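Some notes on the structure that comes next.
Only the coordinates and a few stated rules stand behind these numbers; no lab work does. Keep in mind that what you see is a predicted model, and the values were worked out from it rather than measured. Backbone-built Cβ (ideal geometry, glycine too); neighbour counts: all protein chains shown.
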Amino acid sequence: MKRLFIALLVLAIVPCNAQTRRQLRAQNDTLKLKIAALEAELASYRTIEEDLSGAGENENRQSFAMERVDIPGSDRGSQSDSLMAWYLHRASRNAAREQYNMDSVRFTTDVPDTTLMRRLRDMNSFISLPYNETVKNYMILYSEKMPRKMAEILGLSEYYMPIFEETFRRYDLPLELKYVAIIESAMNPRAESRVGAKGIWQFMYRTGLSYGLKIDSYIDERMDPFASADAAARYFKDAYRIFGDWALAISAYNCGSGNVNKAIKRADGKRDFWSIYEYLPRETRGYVPAMVGAMYACRYATEYGLRPDPKALPVYVDTFRINRNLHFAQISEVLGIPIDDIRDLNPQYHKDIVPGEGNVLRLPFNYTSEFLEMQDSIYRYKAETIFAARIQDGREIVQGRPVPTSQGTTWVYYKVKRGDNLGLIAKRHHTTVKNLKSWNNLKSDMIREGQKLKVGKK
């Protein structure tokens, strides 16, 4: 009887335990899926943070507005009223302007604090800072202490600011971010810092590549106002995802997210600009207040008697897709456009050649009809002398000099999808993980959804 009772008890328990095990296995599988999803999301944030940190590339880099920079291409010797000549003329005028140590100087002004506070409030900025002595100092600096520089900035703003505004609207970002370009480069597309940051938005080489900017023998899109603004917008968006605060995102643009994270840790986890202010690199401490100062001076320029210098760029331009190699000299000589004007509108082409790979060419709007009507003649004009046959080492003769050809070195890009990893992508494109990491300057196997990777050459 006892044995029968035990047998019946076992029969009663086993189905229940089997059912419980099935439920536990199902729950375990569900939890594994959730953990995998969370790990993937965490990996994407780590990858973004690595990009923003730039492995030290962005950290401690000096912004153009606060240092002396070289202007590539300044040896062209043109006497036309080009943007290059415009920059060089003003650079010589500003070389002797006073340099201020903003950590120690304290400016005074005839404008009462109450007026400054009211004006700052009336700007109704989406990105704002409390009014204090630091912010006041930069407001006075930009509005009263550098009138020549502000005249240049106001002149360039008429061309560049609409580009930045359109870009930031597309990404649903605060339009006030456009003023970062003033602090970075004083809106000089050819600006180059001592550490190699280039263009209006001062991208370092690796950071530019990681945000999809093309950099090769012919093109450096860090100097393209449109492409670099788009990259800057995506950088800001990524930085805001990490910090959730625009002042911190802007600080990260200057010194890298690594330095901002260090400052947050030293401030016991506080995540607002003034709480971490003293722990930021010295230049970055003044970076956000400087942006507010530039914004204030632009908004109240009339009150300070500031007038824009005559602009050296046309307000209206037209864009063309180029599918055959085209030299600026061909356009200039056929249409009569000064070659420096073409350079000014297309600063990304550092050999005066638009590679025929669907790249864009920008010309003054009033030349649109002529360019379209005479396009074939322009392509044929002196083509035999300008684009000679390639020589044995894979280069071609352009204006009497051998230069690398873009043929055979056009990269094929792949946009990372959810669930992708480097192994799968390498297998799909018949290459190796080692090649993918080398081509894309990856220091780890982590990639993020939406990231563009070089996966081979055409």
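Per-structure values
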read-out	value
Least to most buried among 135, 260, 360, 412 (fewest other Cβ within 10 Å first)	412, 360, 135, 260
Above-threshold pairs, the threshold being 27 Å between Cα atoms, out of 351/382; 145/270; 417/457; 198/437; 214/265	145/270; 214/265
Inter-site label distance for residue 444 and residue 457 at 7 Å from Cα along Cβ, in nm	3.0
Rounded FRET efficiency, nearest 0.05, which uses the C-beta distance separating residue 234 from residue 324 and R0 of 30 Å	0.45
Interchain or long-range residues, amide H under 5 Å from residue 323's placed H	358
Vicinal HN-Hα couplings computed from phi for segment 320-332 (Karplus, 6.51 cos²θ - 1.76 cosθ + 1.60; Hz; Gly/Pro x)	10, 8, 10, 10, 9, 3, 9, 9, 4, 4, 5, 5, 4
Residues 160, 100, 279, sorted so that the one with the fewest Cβ neighbours within 10 Å comes first	100, 279, 160
Given charges at Cβ of Lys, Arg, Asp, Glu: segment 186-309 dipole, positive-most of 205, 280, 294	280
Calculated FRET efficiency for the pair residue 360/residue 383, C-beta based, R₀ 22 Å, to 0.05	0.60
Point-to-point label distance, residue 169-residue 375, nm (Cα→Cβ direction, 7 Å offset)	2.8
Fewest-first sequence of 369, 125 by Cβ atoms within 10 Å of each Cβ	369, 125
Value of Rg/Rh across segment 411-457 [Cα atoms, Kirkwood radius]	0.89
Backbone HN-Hα couplings from phi across segment 228-233 [Karplus 6.51/-1.76/1.60, Hz, Gly and Pro as x]	5, 5, 5, 5, 4, 4
Efficiency of FRET from Cβ geometry, residue 265 and residue 429, R₀ 41 Å, rounded to 0.05	0.55
Full-extension gain in nm, residue 368 to residue 118, via 0.36 nm per residue minus C-alpha separation	85.4 nm
Karplus-derived 3J(HN,Hα), 6.51/-1.76/1.60, for each residue of segment 175-187, Hz, glycine and proline x	5, 4, 4, 4, 6, 4, 4, 5, 6, 5, 9, 6, 6
Extension reserve of the residue 304-residue 415 stretch, reckoned as 0.36 nm per residue once the Cα distance is removed	35.0 nm
